[in-house]
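*Asks:* Input: one structure, supplied below.
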Amino acid sequence: MALLPSNSLVFTVRRHEPELVFPAKPTPRECKLLSDIDDQEGHRFQIRGMHFNRYNSSMQGKDPAKVIKEALAQTLVFYYPLAGRLREGPNRKLTVDCTGEGVLFTEADADVTLEEFGDVVYPPFPCSDELLYDVPGSNEILNCPLLLIQVTRLKCGSFIFAHRFNHTMSDGAGLSQFMSAMGEIARGALAPSTPPVWERHLLNARDSPLITCLHDEYDSVGTYGTIIPTDNLVRRSFFFGPTQISALRRFVPANLRCSTFDILSACVWRCRTQALGLDPDEHIRLICIGNARSKFNPPLPLGYYGNALGNPAASTTAGKLCQNPLEYALKLVKEAKTRVTEEYMKSTADLLVLRGRPNVNLVGSFLVSDLTRAKFLQVDFGWGEAAFFGPATSWELISFHMPSKNEKGEDGIVVPVSLPAPAMKSFVKELDGLLKDETATVGA
């Protein structure tokens with residue numbers, strides 16, 4: 001089955017008092033501007049994620065909370081803007097005030113073992129609010145800590161590393177880079193193997209801003225859109241391994257080259273739209289969030305940890321998406337992704353400045369973000385790579401693609417989905433219909 005059961009595990013978490021962790025050495029006291037890609041409205045929120053780490057006998061006697069806390073202080077010497085606070089200036093421009101005030105850190109203990117979570121762990125994670133406690137008064141985008149970390153020790157010697165991170169500072173690739181640096185220093189390195197690069201001016205608007213590209217993601221494509229009720233949401237994760245991905249590839253023409261991300265995005269978008277029963281004339285979008293670092297010539301510097309995300313949109317109507325074969329959705333996804341170029345990113349920055357740093361238009365939109373190359377699983381604090389990772393919860397308008405394994409140990413991709421209960425039932429039916437259609441041919 002593609003549907004993964006929700007975990008109803010309940011346990012108790014005992015937290016120590018939260019504390020501020022400061023850079024281990026003095027750092028520059030200065031103000032640093034974020035880029036015009038960084039400080040758009042759509043990045044002004046907190047990313048919440050979790051890493052589940054197994055017990056490792058070679059680390060016997062070492063406290064993961066102490067190891068990680070010390071590594072955090074040393075890593076902040078290199079990433080010192082993260083120990084500062086955000087200020088907002090004229091035209092909503094954000095600046096990091098590098099005050100060295102530190103980041104929040106909480107250590108905790110839970111009366112549960114990693115094995116009790118099950119053979120595999122997928123979002124939404126049980127007791128996520130306890131494993132990543134929001135310290136009161138710390139959750140604002142401005143004038144608050146930019147990072148909160150909680151390390152929870154489990155009864156079996158395993159531990160959970162959870163984080164809350166201000167998205168204006170970094171995207172997934174940048175956050176992974178910072179966490180990898182923490183891991184290297186926790187394992188004895190004196191400095192990160194990849195030095196951090198600020199250089200946020202590289203993604204600023206031009207001196208004479210000019211929108212030169214199509215930006216459906218920020219434009220209105222219709223006069224109305226279905227509002228998804230959030231009072232009865234069902235949150236589930238779906239695993240796509242070799243069997244499921246091969247089943248979906250039967251719908252792809254032999255002459256159409258496409259990635260696994262393309263196929264899964266098209267599939268989930270189409271099944272989700274069918275499940276919601278939208279008006280056939282309703283304009284809808286799939287916004288494909290992707291790393292644009294390699295699109296620049298020359299590429300952005302190695303070590304750049306700011307936001308470098310493109311948000312191209314595939315646009316159509318609900319009727320066209322549902323009445324056409326999966327190939328139709330797939331071509332829309334591929335076409336949208338090809339629009340991300342250096343000029344597209346410059347045009348995006350110009351648009352954001354000219355229009356007051358808006359969010360993408362969420363009316364009729366569904367967002368997908370590819371985390372399969374972000375290397376979160378490879379973060380190693382000395383206990384080895386994480387057993388599982390993912391966002392702390394899932395949302396109704398966005399799905400993340402994350403690398404994972406199933407109970408058989410097969411590599412695959414997990415996609416969390418949130419829908420109202422009746423729509424989730426329809427979604428599972430639509431998805432299973434695609435996966436089990438033994439007579440499927442291109443255009444079916």
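The values are calculated or read from the model by the stated rules, or taken from the named source; none is laboratory data. Everything numeric in this text was worked out from a predicted model, so none of it was measured. Ideal geometry is used to build each Cβ from the backbone, glycine not excepted, and the neighbour counts take in all protein chains shown. Please note that ligands, DNA and RNA were not included when accessible areas were found on the heavy atoms of the full protein model with its side chains. Shrake-Rupley method; radii C 1.70, N 1.55, O 1.52, S 1.80 Å.
*Asks:* How do the peptides 408-420, 130-142 rank, highest first, by the average count of neighbouring beta carbon atoms within 10 Å per residue?
*Replies:* Working: 408-420: 18.4, 130-142: 15.4.
Sorting 408-420, 130-142 by mean packing, highest first, produces 408-420, 130-142.
*Asks:* Please give the calculated 222 nm ellipticity per residue for the chain, where each DSSP H segment of at least 4 residues contributes -39500 (n - 2.57) and the sum is spread over every residue; nearest 500 deg cm²/dmol?
*Replies:* Theoretical 222 nm ellipticity from helices: -7500 deg cm²/dmol.
*Asks:* Counting only protein heavy atoms and using a 1.4 Å probe, what share of the accessible area of the chain belongs to carbon plus sulfur, as a whole percent? Could you put the intermediate results ahead of the total?
*Replies:* On the way: 9650 of 18650 Å².
Ligands and nucleic acids excluded, carbon and sulfur give 52 percent.
*Asks:* Where does each of 251-259, 359-367, 78-86 land if you order them by average Cβ count within 10 Å, highest first?
*Replies:* Highest-to-lowest ranking by the protection proxy: 78-86, 359-367, 251-259.
*Asks:* Can you list residues from other chains, or at least 5 along the same chain, whose modelled amide H is less than 5 Å from the amide H of His51?
*Replies:* Amide H to amide H, under 5 Å and 5 or more residues apart or across chains, His51 pairs with Phe161, Ala162.
*Asks:* Return the lysines within reach of Lys408: Cα separation strictly under 25 angstrom, same-chain partners fewer than 8 residues apart disregarded; answer none if there are no such residues.
*Replies:* Lys375, Lys429, Lys436
*Asks:* Tell me which DSSP H helices of the chain clear both cut-offs, 20 Å or more of axial length from alpha-carbon atoms and a mean Kyte-Doolittle hydropathy of at least -0.5.
*Replies:* Working: long enough: 64-78 (21 Å, 0.77); 172-186 (21 Å, 0.70); 260-276 (24 Å, 0.51); 421-436 (22 Å, 0.15).
Span-like helices in the chain: 64-78, 172-186, 260-276, 421-436.
*Asks:* Lys pairs in the range 2-203, Cα-Cα under 23 Å, at least 8 apart or on separate chains: how many?
*Replies:* Numbers: Lys25/Lys66; Lys25/Lys69; Lys32/Lys93; Lys62/Lys155; Lys66/Lys155; Lys69/Lys155.
Lysine pairs meeting both conditions in the range 2-203 amount to 6.
*Asks:* Could you calculate the contour length gain from Ser58 to Gln323, that is, 0.36 nm times the residue separation minus the distance between their Cα atoms, to one decimal place in nm? Show your work: numbers first, answer last.
*Replies:* Numbers: separation 265, 0.36 × 265 = 95.40 nm, distance 5.67 nm.
Contour length minus Cα-Cα distance gives 89.7 nm.
*Asks:* Residues of the range 47-186: accessible area per residue at 1.4 Å, in Å²?
*Replies:* Values: 4500 Å² over 140 residues.
For the range 47-186, the solvent-accessible area averages 32 Å² per residue.
*Asks:* Place a point 7 Å from Cα of Lys429 in the direction of its Cβ. Which residues in the range 233-274 have their backbone N less than 19 Å from it?
*Replies:* What the label zone holds, given the 19 Å backbone N cut-off, is 233-236, 268-274.
*Asks:* What shape does the chain take by its C-alpha gyration tensor, where a ≥ b ≥ c are the square roots of the eigenvalues and a/c under 1.5 counts as rounded, a/b above b/c as prolate, and the rest as oblate? Mind dumping the intermediate values first?
*Replies:* Details: a/c = 1.83, a/b = 1.21, b/c = 1.52.
It comes out oblate by the Cα gyration axes.
*Asks:* Okay, next question. Can you give the accessible area per residue of the range 216-342, in Å², using a 1.4 Å probe?
*Replies:* Details: 5320 Å² over 127 residues.
Using a 1.4 Å probe on heavy atoms only, each residue of the range 216-342 averages 42 Å².
*Asks:* With a 1.4 Å probe and all protein chains in place, put Glu199, Glu282 in order of accessible area, largest first. Display every interim value, and only then the final one.
*Replies:* Details: Glu199 80, Glu282 5 Å².
Descending order: Glu199, Glu282.
*Asks:* Sort 293-302, 26-35, 44-53 by packing, meaning the average of other beta carbons within 10 Å per residue, with the highest value first.
*Replies:* 44-53, 26-35, 293-302
*Asks:* Between Phe11 and Asn232, how many nm apart are label points set 7 Å from Cα along the C-beta direction?
*Replies:* Computed distance between label sites Phe11 and Asn232 equals 3.3 nm.
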